[in-house]
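Remarks on the structure that follows.
The values are calculated or read from the model by the stated rules, or taken from the named source; none is laboratory data. A quick note: this is a predicted structure, and the numbers were derived from the prediction, not measured. Please note: Cβ atoms are built from the backbone with ideal geometry, for glycine as well, and neighbour counts cover all protein chains shown.
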Amino acid sequence: MINKAQGMGLSLLTKLASSDLLDQLKLRKFVETSLYQGSKTGFKALSKTQKVFKSDQKVNKQRLNPQSKSLFDLSLSEDQQMTVEAMSSFATEVLYNLAHDADHQETFPKELWQHMTDLGLNYYALPEALGGVALEKNTTSNVLIAEHLAIGDFSLTAGLLSTFSVINTITQWGSESVQNTYLNAFAEDPDLKATFAVQENTPAFNPFQLKTTAQENGTDYQINGEKTLVLLAEYADIFLVSAMLNGQAEVFVVQRDNSISIKKSPAMGLKATETATIQFNNTPAQKLGDQDFNYTEFVDLGNLMWCAMAVGTCEAIRKYCIQYANERTAFGEPISHRQSVAFMIADMAIETDAMRMLILNAASLAEAGKPFHREAYLARLLCAEKSMKIGTDGVQILGGHGFTKEHPVERWYRDLRATAILHSGLHA
């Protein structure tokens, strides 16, 4: 009931926000603030505070239906537009201001946990039947969320999306038993945290050839092996772990217990996510999905989320470089008057748009239930190459300033390396 009332109210505000009358009356800032605060308050009302896993609470197996819209429709729905505006405001007003200190201290800001609850991020992933807002597959909406949050900061966005992405995965592929246990728990407890453990410390890591293994143990399984670059591992109550089972890569749900050892392992980037190495020693696990689980799609959707965050960060770099180039003078004029600088920034815009088109194409196919492996692979290849080029060019445009922590471009450059290195670990 709260859901529907909130949805009607926010829908009305969204329609009002699109009116030119607001600019004439100078009320646009007030309405945009109302949209953000309305989202916070509404989702707060949905939250409870019990961290329990109740497998006896039966729910019908949840599967979000493919959307029956024209493929690759670039026009945003009213809900998507409202979501994009909320995420963009959050990115600029909250994430950007926290990012420098979070990176310097290599710590995820504690206040962001409450911000995440207020924003109601996890409810975008939960099905409506469990108190969320998801009615159909929302792959496009999910990559839009990732892109617009990452305008504020790549690393903090990855941390914020870890639990959100786990919920998406369980909703998409979780067996009835897994969904009964965990989706109810996420709906009831906004403080419940989860993350992925996919990456392994091997040269040229292949997510389809894993050293971590799973063995059957009665009706459940046991996991053995090591995972690295696990986001926010110290805070997680639940892990989604990829492991080999009978020669096939599978995903398992693991609750935190004493059989898991965690060691912080800082990396070149993603410092705010407190990346860690995890050792599993005969750790009890539950298989995520049943016959409809598709591991290739699991990896592809995860890669799309990293690509979407790369696009958001590249957009931030481009905007920052435009401002810097217009303000920085050399030989009596702004450096933006130099063709070499202007062309470099123009290339940033072209390459960012190209990446965005490939991501949206793949997301649109996935949302409609169509094959999208080729499109996701092409998006990953382009984003891995061009995002690093944009990061490098951003540092180059700032010259010596680009090498210092006085400006955020060096942080964005380091974080963007993760686009090419990490496979999955998030989920659209």
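So, Asn282, is that one without any contact (Cβ under 8 Å) to a residue 12 or more places away in the chain and either over 21 Å from Leu358 (Cβ atoms) or not assigned by TED's automatic domain parsing to the domain that holds Leu378 (or both) or not? Spelling it out, it is not the case that Asn282 is without any contact (Cβ under 8 Å) to a residue 12 or more places away in the chain and either over 21 Å from Leu358 (Cβ atoms) or not assigned by TED's automatic domain parsing to the domain that holds Leu378 (or both). If the condition is being under 20 Å from the mean Cα position of the chain (by Cα) and closer than 24 Å to Thr139 by Cα, then region 271-287 contributes only Thr273. If you go through region 383-423 and keep only what is in contact with a Ser or Thr (Cβ under 6 Å, 6 or more places away or on another chain) and either surrounded by 22 or more Cβ atoms within 10 Å (Cβ to Cβ) or modelled with pLDDT under 95 (or both), you end up with Cys383, Ser387, Trp412, Asp415, Leu416, Thr419. When region 404-420 is filtered for residues that are assigned to a loop (DSSP other than H, G, I, E, B) and either in contact (Cβ under 8 Å) with a residue 60 or more places away in the chain or not charged (D, E, K, R) (or both), the ones remaining, listed by number, are Thr404, Lys405, His407, Pro408, Arg417.
Select from region 393-428 the residues that are under 10 Å from Ile317 (Cβ atoms) and β-branched (Val, Ile, Thr) and list them in ascending order. Answer for region 393-428, where residues must be under 10 Å from Ile317 (Cβ atoms) and β-branched (Val, Ile, Thr): Val395, Ile397, Val409. What is the one condition in (1) part of a helix (DSSP H, G or I); (2) within 22 Å of Leu160 (Cβ to Cβ) that Ala342 does not satisfy? With respect to (1) part of a helix (DSSP H, G or I); (2) within 22 Å of Leu160 (Cβ to Cβ), Ala342 is out only on (2).
Under the condition of being of a type in the set (S, T, N, Q) and not in a loop (DSSP other than H, G, I, E, B), which residue from region 259-277 is nearest to Thr157 (Cα to Cα)? Checked region 259-277; the qualifying residue nearest to Thr157 (Cα to Cα) is Thr273. The single condition among (1) crowded, with 24+ Cβ neighbours inside 10 Å; (2) more than 18 Å from Glu93 (Cβ to Cβ); (3) among the aromatic types (Phe, Trp, Tyr) that Tyr124 does not satisfy is (1). For region 350-381, taking the residues that are acidic (Asp, Glu) and buried (at least 22 other Cβ atoms within 10 Å of the Cβ), the one that is farthest from Cys307 (Cα to Cα) is identified as Glu367.
Considering only region 416-424, I want to know if a residue exists there that is among the polar types (S, T, N, Q) and either out of contact with any helix residue (DSSP H, G or I) (no Cβ under 8 Å at 6 or more places or on another chain) or under 15 Å from Gly302 (Cα atoms) (or both). The answer is yes, given that some residue of region 416-424 is among the polar types (S, T, N, Q) and either out of contact with any helix residue (DSSP H, G or I) (no Cβ under 8 Å at 6 or more places or on another chain) or under 15 Å from Gly302 (Cα atoms) (or both).
Residues are listed down the side, and each one gets a yes or a no for (1) under 30 Å from Glu93 (Cβ atoms); (2) touching an Asp or Glu at 6+ places or on another chain (Cβ under 7 Å):
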| residue | (1), (2) |
| --- | --- |
| Ile151 | yes, yes |
| Ala158 | yes, no |
| Ile170 | no, no |
| Ser177 | no, no |
| Asn184 | no, no |
| Glu188 | yes, no |
| Gln209 | no, no |
| Thr219 | no, no |
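Here Phe280 meets each of (1) closer than 30 Å to Glu216 by Cβ; (2) out of contact with any Leu (no Cβ under 9 Å at 6 or more places or on another chain); (3) part of a helix (DSSP H, G or I) with one exception, condition (3).
Taken over region 71-127, the criterion of being in a loop (DSSP other than H, G, I, E, B) and either free of Cβ contacts under 8 Å to residues at least 24 places away in the same chain or closer than 19 Å to Ser162 by Cα (or both) is satisfied by Ser75, Ser77, Glu106, Thr107, Phe108, Pro109, Lys110, Gly120, Ala125, Leu126.
Quick one: what pairs do we get from region 293-318, first residue outside any helix (DSSP H, G or I), second crowded, with 23+ Cβ neighbours inside 10 Å, C-beta under 8 Å, 6+ apart or different chains? Listed pairs, sorted by first residue: Phe293/Val251. Give the residue, chosen from Leu112, Leu156, that is crowded, with 24+ Cβ neighbours inside 10 Å and at pLDDT 90 or above. After ruling out the rest, the residue left standing is Leu156.
Looking at Gln222, Gln179, just one residue is modelled with pLDDT under 95 and either more than 19 Å from Pro284 (Cα to Cα) or not acidic (Asp, Glu) (or both), and that residue is Gln179.
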